[in-house]
Each structure stands twice: as C-alpha cells, then as structure tokens.
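The values are calculated or read from the model by the stated rules, or taken from the named source; none is laboratory data. These figures come from a predicted structure and were not determined experimentally. Positions of Cβ are backbone-derived with ideal geometry, glycine not excepted, and every protein chain shown enters the neighbour counts. Only protein heavy atoms, including side chains, enter the accessible area calculation; ligands, DNA and RNA are left aside. Shrake-Rupley method; radii C 1.70, N 1.55, O 1.52, S 1.80 Å.
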Amino acid sequence: MTSSHTLTGEEPEHLTQAGRRRAQVDPLAARRAPGDPPWDVYLTGTVFLDIIFTGLDSAPVRGTESWARGMGSSPGGVANMASALARLGLRTSLAAAFGDDHYGEYCWDALEQGEGIDLAPSRTVPGWHSPVTVSMAYEGERTMVSHGHEPPPEEPAPDCPPRARAAVASLTPGRSAPWIAQAAREGTRIFADVGWDETGAWDLAGLPDLEHCEAFLPNAEEAKRYTGADCPRLAAHALTEYVPVAVVTLGSEGAYAVDRRTGEAAEVPAIAVEALDPTGAGDVFVAGFVTGSLAGWPLADRLAFAGLTAALSVQEFGGSLSAPGWSEIGAWWRRVQSLPGQDPVALRRYAFLDGLVPEELDRPWPLRRAVPTIGFRRSG
C-alpha cells in the first residue's frame, strides 16, 4: 500500500501552535488540494468536565464507601470525539458552550492549546457553570452521574457550520438538527451515531437527519431495535436501505460494516486488551472510522483501524485524553509483530499499518493523559 502520510507539509495559517505540533502525521496529505475546506471535521455538542474513578473492585454499593485505586480528570462529552480526531491528524473544528468557571477554562485550554482544536465557533457563557460527569469504571463497565444545565440559546453564526470535509453528528430520536442538512448541502460528509431511545419507539422515521448521512454507527442493540432484526449483522444490511454505510459495533466480538455503494461487507474481531476505563471508546471508534473514510481506505481497513484506536483508548484514564495518536498506534504495531506466537492471519489484518505509521515522531510521547486533579501551577 502506498503511504498517504507525511511528516511535513503545508498547513493552514489558522492552525494554532499546538495544532502544528500535533499535525506531524497527516493522513489526508495525498488528498489535499487548493480550495479544500479549511477543516477536515466539524462537530458540535456539550463539553463536560469528566472526573473518572478506576480500579474499583465492584459497583458502588448503597450505604457504603468505595475507594478507587485510580482517578483522572479531563474534558469529556463531545470533547472525546474532538480530541480523538485531532490526535489522528485531522484538522478539527468544534462548536460548544463553555462555562466561565475554572472547569470551563481548563477544558478550553486543554482542547485549544493542548490538542490544537479550533474553537472559533465556540463561546464562553457568563454565569453558566460547566457540566460535570463522574464516571466509575469497574469490571470493564462504567457507571456515570452527571449534572448540568442547558446554556442560554444563541442564534447560529452565518458561517456556522464552517466548511469541512466531514462532520460527526449525534442523532437524537424525535429531533432534527438544522445544521446537519445545511452542512450536507455544502458537500460535507455526515457520519452519525445515536443515543439510547428513551421513548422506546425505536423508529427510524424518528431520525429525520439520517437521510443526510453517509454513515450510521449504532451499537448492536440499537441496530437490532431500530430494524427489528434478531442479528446485528442482518440489522446492518437492513440499515443500508436508509444510509449508504452501516457500521454496527459488536462489543467484545468486534464490528461489522456494509457499504451499499460498493457492495462491500467487512467484519473485524475485537483486539483483546486489559481495559482500564471504557469512557469515550465509542467516540474513538467513530474517529478512527472517519479518518479511514476520509483517507479513502478499504472498508475492512477502516473497520480494523477504528477497532484498534478504540482498544488502545480503554487502556488509559478518561475519554478525551485517552485517545491514541500515531506514536501509540505505531508502538502497538511494532510490539505485536515482535511477540512470539502471534496468529499470522490476525497480523495480516493490520498489515496496512506498515505503510501508514511513522518510524518515529519528533514530539513528546506518550500523549497528555488525564490527571488526578486540575489547577496545579505549571513549573518552569
């Protein structure tokens, strides 16, 4: 496979210094041309401050106190997806509201300066406190408690959403988001996931924005409920009547995808890892699939890459700051090839990485991770 990556290349003037430092591997280098949209991916949503407890032996028990062996804090919510995309080298623009408290300042700085994400469409809301989620991870699962209020409404700016190659949307049953249709009319490729349908209707007609989407990425249970199929693979095929590409995540079994336009179908098993915290793994999976799609990879490679990035993320604390970059991906690929007794068939599934991952990167490694607390003064 010919590599589409480069360690150098021209960058738009509006990238921050942090963005330039992180954009050393550009998965879309071979596809860039004059007149392209300034951003690879646009997304919007709510940024939370995530506080994560890990190392719990079991779920918290009513009336008792549990002690966690690990703790981390990081931006969460839509920040999980934004950071995952940026760490894979995509020029990412985020529209979100931020509180004017210390939590909001921390999240803004972590995303803009730390991850190189464009926050020009975002805003700080005076007097509004940042939403907070406490996540407790145990036995490969998690329990979350969140608190927050809707920010005051604001009229969208005339240039929002900005021009972008792709956008990631989280569909809400029974609701339509006008920006999705607007972005699609401008040629933006829409990738969508969906939350649990609290109404219990599970009616695809209740997802009106699905008609604007190129790809839909539900989990197995969601896919079965929306289609009435008793098998997630059959559900994926049924979903292609509504959207060109259907990707169904199968949990510990991996993922299955169908592309109606090419007739391709692919299934990739999950990578066995010791999971520390599953927070944000689904967002990282979507980010990996979007990256491969924009780079023009075959469906099976996109699916394998998405699963790999998600697997690497669950070995770290938190959502947004657990996402892997190309250094982590390259280190994993070199390591698994060096281990004795590996299944040759499984290794060939990831052979496409040979032409993609860099031998080394001239930047700090590993990436910034979630820390136990925020607000420490930086030394030096």
| request: Would you work out which of 92, 119, 153 lies farthest towards the positive end of the dipole of the range 44-187, given +1 charges on the beta-carbon of Lys and Arg and -1 on that of Asp and Glu, about the Cα centre? | output: 92
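Under the classification rounded if a/c is under 1.5, otherwise prolate if a/b is larger than b/c and oblate if not, where does the range 124-186 fall, given a ≥ b ≥ c as square roots of the Cα gyration tensor eigenvalues?
oblate
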| So how far apart, in nm, are the two label points at residue 143 and residue 125 if each is 7 Å from Cα heading toward Cβ? | 2.9 nm
| task | Could you pull out every residue, at least 5 positions away or on a different chain, whose amide H is within less than 5 Å of the one on residue 95? Hs are placed 1.01 Å off N in the peptide plane, and Pro or chain starts have none. | result | 43, 44, 45
| query | Residue-wise, which Karplus ³J(HN,Hα) couplings in Hz belong to the range 200-214, taking 6.51 cos²θ - 1.76 cosθ + 1.60, θ = phi - 60°, and x for glycine or proline? | reply | x, 6, 6, 10, 4, 5, x, 10, x, 6, 4, 5, 8, 9, 8
| request: Before anything else, pin down the relative contact order of the range 152-282: Cα pairs under 8 Å, at least 6 apart, normalised by residue count, whole percent. | output: 16 percent
| query | Given H placed on each backbone N at 1.01 Å, which residues far from residue 130 in sequence or on other chains put an amide H within less than 5 Å of it? | reply | 99, 101, 104
| query | Looking at the square roots a ≥ b ≥ c of the eigenvalues of the Cα gyration tensor of the range 239-279, which shape do they give, rounded for a/c under 1.5, prolate if a/b is larger than b/c, or oblate? | reply | prolate
| query | Expressed as a whole percentage, what fraction of the accessible surface of the range 189-229 belongs to carbon and sulfur atoms when a 1.4 Å probe is rolled over the protein heavy atoms? | reply | 44 percent
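Quantify, in whole percent, the carbon and sulfur part of the accessible surface of the range 274-344 (1.4 Å probe; protein heavy atoms only).
Details: 1090 of 2040 Å².
Its accessible area is 53 percent carbon and sulfur atoms.
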| request: Please list, in chain and number order, the residues 5+ apart from residue 77 or on another chain whose amide H is under 5 Å from its amide H, with Hs placed from the backbone. | output: 48
| field | Where a label projected 7 Å from the Cα of residue 66 along Cα→Cβ would reach, residues of the range 110-145 with amide N under 20 Å | value | 132-145
| Distance-filtered residues of the range 205-245 - backbone nitrogen under 15 Å, label point 7 angstrom along residue 181 Cα→Cβ | 206-213
| note | Treating only Lys and Arg (+1) and Asp and Glu (-1) as charged, each at its beta carbon, one finds that the range 143-207 has a dipole about its Cα centre, in Debye to the nearest 20, of 360 debye
